[in-house]
Amino acid sequence: MTIYIETDRLILRDWNEDDLLPFQRMNANTQVRRYFPDLLSYRKSEVDMRLMNDIIHKHQLGLFAVELKETNEWLGFIGLNYLPKESKYQFKELPFYEIGWRLIPEVWGNGLATEGAEAVLAYAQEQGITEVYALTAEGNASSRKVMEKIGMSHYDDFEYPNLGKYHPLKRHVRYYKDLTSS
Ligand SMILES: CC(C)(COP(=O)(O)OP(=O)(O)OC[C@H]1O[C@@H](n2cnc3c(N)ncnc32)[C@H](O)[C@@H]1OP(=O)(O)O)[C@@H](O)C(=O)NCCC(=O)NCCS
């Protein structure tokens, strides 16, 4: 294991094979994907999981698997995603790190995303990262709440690329946090 971050209730770590099926199920759940344009196939989730783990092993940073400390149940992921200069987004600030989270619905509303995200911010600071952004659909109130609870500020609004002009998820928001001042 190359990453092991503990909080009061969570362990953030790199991924293992036992995470695959719950990850696939989570990404095929319509409630979880409500603010995304699509559900993910089991094949796509498998590719994504391996990619996330490769990135963590290479950079010691990434989207970390999250488990409940008390039971070792896999709950989802929280971490940092590096958005390179050449990406589908047009932001002038690229490249930058985005902080992100996705948890199984059974555990929502208990402050776990906030708890894990705070640990990720502290870890990012230790790694010398000076700023992070977060992106989500305008209507994703719980994700925006997490951003606000970890001290991020609404930065701007943007249109999600490659979605039709009238798609209900077209409008997105971006949040920002400077990590040098806290
Ligand atoms: C976003 C997500 C990770 C939040 O996880 P969580 O563990 O429930 O988050 P927390 O409990 O730390 O905080 C959620 C906050 O949103 C609030 N909230 C939940 N639903 C809400 C709603 N419909 N409107 C307003 N606030 C809402 C909660 O009350 C809580 O705030 P509080 O602590 O002040 O009460 C989880 O909902 C999720 O995985 N969603 C699906 C994937 C997703 O959308 N990821 C983000 C994509 S950018």
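The values are calculated or read from the model by the stated rules, or taken from the named source; none is laboratory data. It should be emphasised that the depicted structure is a prediction, and the values quoted were computed from it without experimental measurement. Cβ sites come from the backbone with ideal geometry, for glycine too, and all protein chains shown count toward neighbours. Each accessible area value is taken on the protein alone, full model and side chains, heavy atoms only, with ligands, DNA and RNA left out. Shrake-Rupley method; radii C 1.70, N 1.55, O 1.52, S 1.80 Å.
Please specify each residue of the stretch 120-142 satisfying the condition of being farther than 18 Å from F96 by Cβ and within 13 Å of the ligand (Cβ to nearest atom).
Listed by number, the residues that qualify are A137, E138, G139, N140, A141, S142.
Does T7 count as of a type in the set (S, T, N, Q), under 22 Å from Q125 (Cα atoms) and at pLDDT below 95? Working first, answer last.
Details: of a type in the set (S, T, N, Q): yes; under 22 Å from Q125 (Cα atoms): yes; at pLDDT below 95: no.
Taking the combined requirement at face value, the residue does not satisfy it.
Of the residues that make up the stretch 29-40, is at least one polar (S, T, N, Q), in contact with a helix residue (DSSP H, G or I) (Cβ under 7 Å, 6 or more places away or on another chain) and modelled with pLDDT under 95?
No.
Please work out if K92 is of a type in the set (K, R) and closer than 22 Å to T130 by Cα. Before the answer, list the steps.
On the way: of a type in the set (K, R): yes; closer than 22 Å to T130 by Cα: yes.
Here the answer is yes, as K92 does meet what is asked.
Considering each residue of the stretch 160-174, count those that are within 13 Å of the ligand (Cβ to nearest atom) and either open to solvent by 50 Å² or more (accessible area, probe 1.4 Å) or among the basic types (K, R) (or both), and give that number.
First, pick out the residues of the stretch 160-174 that are within 13 Å of the ligand (Cβ to nearest atom): 160, 169, 172-174.
Filter once more, so that each one left must be either open to solvent by 50 Å² or more (accessible area, probe 1.4 Å) or among the basic types (K, R) (or both): 174.
Going through the stretch 160-174 one residue at a time, the tally reaches 1.
Which numbered condition trips up Q60, out of (1) buried (at least 16 other Cβ atoms within 10 Å of the Cβ); (2) under 16 Å from the mean Cα position of the chain (by Cα); (3) more than 14 Å from the ligand (Cβ to nearest atom)?
(1)
(1) more than 14 Å from the ligand (Cβ to nearest atom); (2) open to solvent by 40 Å² or more (accessible area, probe 1.4 Å); (3) in contact (Cβ under 8 Å) with a residue 12 or more places away in the chain: which one isn't true of K177, the others all being true?
Single failed check for K177: (2).
If you scan the stretch 127-143, which residues turn out to be in a strand (DSSP E or B) and either among the hydroxyl-bearing types (S, T, Y) or exposed (fewer than 13 other Cβ atoms within 10 Å of the Cβ) (or both)? Lay out the reasoning, then the answer.
First pass over the stretch 127-143, keeping only residues in a strand (DSSP E or B): 131-137.
Correct list: Y133, T136.
Considering each residue of the stretch 28-57, count those that are under 21 Å from G111 (Cα atoms) and crowded, with 16+ Cβ neighbours inside 10 Å, and give that number.
2
For the stretch 71-83, does any single residue satisfy the condition of being farther than 22 Å from E17 by Cβ, outside any strand (DSSP E or B) and touching a residue at least 24 places away in the same chain (Cβ under 8 Å)?
No, that holds for no residue.
Can you run down the residue pairs with Cβ atoms below 6 Å, 6 or more apart or on separate chains, where the first is in the stretch 85-109 and in contact (Cβ under 8 Å) with a residue 12 or more places away in the chain and the partner is more than 14 Å from the ligand (Cβ to nearest atom) and open to solvent by 30 Å² or more (accessible area, probe 1.4 Å)?
Listed pairs, sorted by first residue: P95/P84; P95/K85; Y97/Y82.
If you take the residues of the stretch 145-159 that are open to solvent by less than 50 Å² (accessible area, probe 1.4 Å) and either within 11 Å of the ligand (Cβ to nearest atom) or touching a Gly at 6+ places or on another chain (Cβ under 6 Å) (or both), which of them is farthest from K88 (Cα to Cα)?
Checking each candidate, the answer is I150.
Give all pairs with beta carbons closer than 7 Å in which a residue from the stretch 16-44 that is touching a residue at least 12 places away in the same chain (Cβ under 8 Å) and in a loop (DSSP other than H, G, I, E, B) meets a residue that is β-branched (V, I, T) and surrounded by 14 or more Cβ atoms within 10 Å (Cβ to Cβ); count only pairs at least 6 apart in sequence or on separate chains.
Within 7 Å, the pairs are Y35/T136.
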